[in-house]
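To start, the structure itself, in structure tokens.
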Amino acid sequence: MSNKSISLSIDLKALNDFIAEHSAKYVKLGKNGKQYISIKLKANEVPDNYGNDYSAKPQGTKELTAAGIKGKLLPFIGNAKFEEPYDPNKYSTPTTPIRNAVSASTDSDLPF
């Protein structure tokens, strides 16, 4: 199993505007009564200037396509990029001594 994650940033205004205008064609009601939307991530050929590997748009539906809303007419709503997996070797051990640290002692009068 891979430990890679993808971080997704969504422009809520763009998404909310799209939902407000096309709610009946875009928001789906699940069997559990919850509302769902689908988002499509399109891989960039190369990462953009901000290191983003994907662009995000609403996933097209039959209803949107029937209304002529598809492809370039779907609004850009965000970006995504691979997150770096945690690398413990990337971070060094602090060199500043811990305040009030007890130093190792060789005193023999300790009860333990």
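The values are calculated or read from the model by the stated rules, or taken from the named source; none is laboratory data. A quick note: this is a predicted structure, and the numbers were derived from the prediction, not measured. A quick note on method: Cβ atoms are made from the backbone with ideal geometry, for glycine too, and the neighbour counts reach across all protein chains shown.
Tell me the residue from N49, N79 that is surrounded by fewer than 11 Cβ atoms within 10 Å (Cβ to Cβ) and either under 17 Å from S9 (Cβ atoms) or in contact (Cβ under 8 Å) with a residue 60 or more places away in the chain (or both), please. One residue alone meets the criteria, N49. You will find that of P111, P94, P85, P75, the residue that is part of a loop (DSSP other than H, G, I, E, B) and modelled with pLDDT of 85 or more is P75 and no other.
Checking each residue in segment 1-37 for being closer than 21 Å to S55 by Cα and assigned to a loop (DSSP other than H, G, I, E, B) picks out K4, D11, V27, I37. The condition of being at pLDDT below 85 and either touching a Lys or Arg at 6+ places or on another chain (Cβ under 8 Å) or at positive phi (or both) holds for only one of N52, N3, N100, that being N100. Annotation: of all residues in segment 54-69 being among the β-branched types (V, I, T) and surrounded by fewer than 19 Cβ atoms within 10 Å (Cβ to Cβ), the one that is farthest from Y26 (Cα to Cα) is T65. The set of residues in segment 28-61 being within 21 Å of the chain's Cα centre (by Cα) and of a type in the set (A, V, I, L, M) consists of I37, I39, L41, A43, V46, A56.
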